Amino acid sequence: MGSGRNRCFGVVSFFLSDIALSSVPSGADTALFACHRTIGRVSAASGGSGTSVRRFPHSIMAVVLLLWGVVVFRLLAPYMGRWAWIPTVLAVAWEAGRQCGLSYPLSGTIALTGIGGVLLLCRSCMRRSWKSGLPVSILAVLSGYWLFGCGDWSSRWYNMPDLGREYLLALDSEMYFGRSEKVRKLLVEGEYRSPFTAYYYNLLNAQQNRLPDRLMDGYQPASQGLFLPVAPHSTYLTIYAANEVWFALGDMTMAEHAAILGMIFSPHHTGARAVKRLAEINLVNGDEAAAMKYLRLLQKTMCYRDWAERRIPGKQTAEVCQWLERKRLLLPATDTLRSSADIPLSLRHLLRNNPDNTLACDYLLCFDLLNKDIGAFAGDYREFAAKKFPSRLYAEGLLIYLAGKKASLDEVEKWNIPPQVLDEFGDYTRLYEANGGNGAPLQAKYGKTYWFYFHYATMKKGK
């Protein structure tokens, strides 16, 4: 075994040139982040004109569309008889097609139904008497327009379902409700690859303490699969979900920052989900006055009243109290001024305050590895994980670091790298040199290793 270890460090010269180019810049935004508590415009599940159709169950959509169909049929039946069902079905299908858009307001369909009901009333009045029915009808139409408007015509006349987006929404929804098995099934069955899917793939594995074990098994768009970028090109869906990982890690400052941005960039600046998260963040921080601002908003809604009342300070259920205790264990005891774009600094801050935060440790080390920043990885591993037995992923990363510095065998042994990984590293280097750097012969055996990722993974524009 000793000779095998010596051989694996005798054939490592090809790593040296790559390590010099391994650091990947994270971004140009260095603006300092000062957290604020702006609520923005909130109409969480209030049913107002800004309420997005996706905040409601499909059953409510079905009822509203059915009412629209009844109104259309009643309007046309006196003139078309039994054939009125044909334009009725077309009208319902057309309106349902407009609902395929991501932010088409449900109130648009309600407005069409309401104005159709006003026209039915007008026709009834006109049939009884022209003299009295005409002024009543004019008054009803004007009142109906004031009350209902004339529907939402700011969007296209129709929309086609975006199945890729529907898949992302399903993934986000199942993750939000904590249905991990359904999330795993969606990830296995789905062929859609994006930073958003990688983000939830990694978060799910991290919550099950399997992030380093499964990192190389999935699609990884560098560190964007760990932390969703909040940038001008980002969609509001990704911005809206960006707070989830920070909340899981225990960084309430970054979680609040991301949650507020999610509300700001969502359609009409609304969303019960963001308000709930802001209430949770302030409860974990112990800021009851700030938490009550959000809880009082939710108390005024039909769908979230019970949720809010179970979390009101002084009236919290035993389950909520236990949950708060677990979350507060992750809170750092000190604060620091930092850039919101400096992700490693935030993770190191968490770990220096709480070295037992395994989730933050895994995210920091995987962040370094995915960015191919081997020097930072070795430093972070030495500071936060040196006392632990390295996982397969971390052992592979450490071998690249040790090969780059031409470490002696005695130094290698201090890192507790498994002998099997050492032998495979030697085999990988021999195959690499024998094939002149061609990765195709290596992929079958070593395609899931960090060594293969380090050499061949590249970020393509637009991915």
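What follows draws every value from the coordinates through simple rules; no lab data is involved. Since the structure is predicted, the reported quantities are computational estimates derived from the model, not experimental observations. Every residue, glycine as well, gets a Cβ built from its backbone with ideal geometry; the counts of neighbours run over all protein chains shown.
If the cut-off is 18 Å between C-alpha atoms, which aspartates and glutamates fall inside it for residue 293, apart from same-chain ones fewer than 8 positions away?
Leaving aside aspartates and glutamates fewer than 8 places away in the same chain, those within reach of residue 293 are 256, 280, 306, 309.
Would you work out which of 243, 221, 289 lies farthest towards the positive end of the dipole of segment 213-345, given +1 charges on the beta-carbon of Lys and Arg and -1 on that of Asp and Glu, about the Cα centre?
289
Would you kindly work out the equivalent ellipsoid of segment 248-378 from its C-alpha gyration tensor and give its semi-axes, the square roots of five times the eigenvalues, largest first in whole Å?
Output for segment 248-378: semi-axes of 31, 18, 12 Å.
Anything over 20 Å Cα to Cα? Flag those among 372/405; 182/372; 372/414; 387/414, in the order listed.
182/372; 372/414
Order 116-128, 409-421 from most to least packed using the mean count of other Cβ atoms within 10 Å.
Per-residue Cβ counts within 10 Å, averaged per peptide and sorted highest first, yield 116-128, 409-421.
What does the convex hull of the Cα atoms of segment 321-394 come to per residue, in Å³, rounded to a whole number?
Details: hull volume 8.4 nm³, N = 74.
Spelled out: Cα convex hull of segment 321-394, divided by residues, is 114 Å³.
Choose one of 357, 371, 262: the residue whose Cα lies farthest towards the positive end of the charge dipole of segment 242-383 (beta-carbon charges +1 Lys, Arg; -1 Asp, Glu; about the Cα centre).
Going by the Cα projections, it comes out as 262.
For segment 287-351, max minus min Cα coordinate along each principal axis, in Å, sorted largest first?
Computed over the Cα atoms, the extents are 41, 24, 19 Å.
Could you size up the charge dipole of segment 337-463 around its Cα centre, putting +1 on the beta carbon of Lys and Arg and -1 on that of Asp and Glu, and report it in debye to the nearest 20?
440
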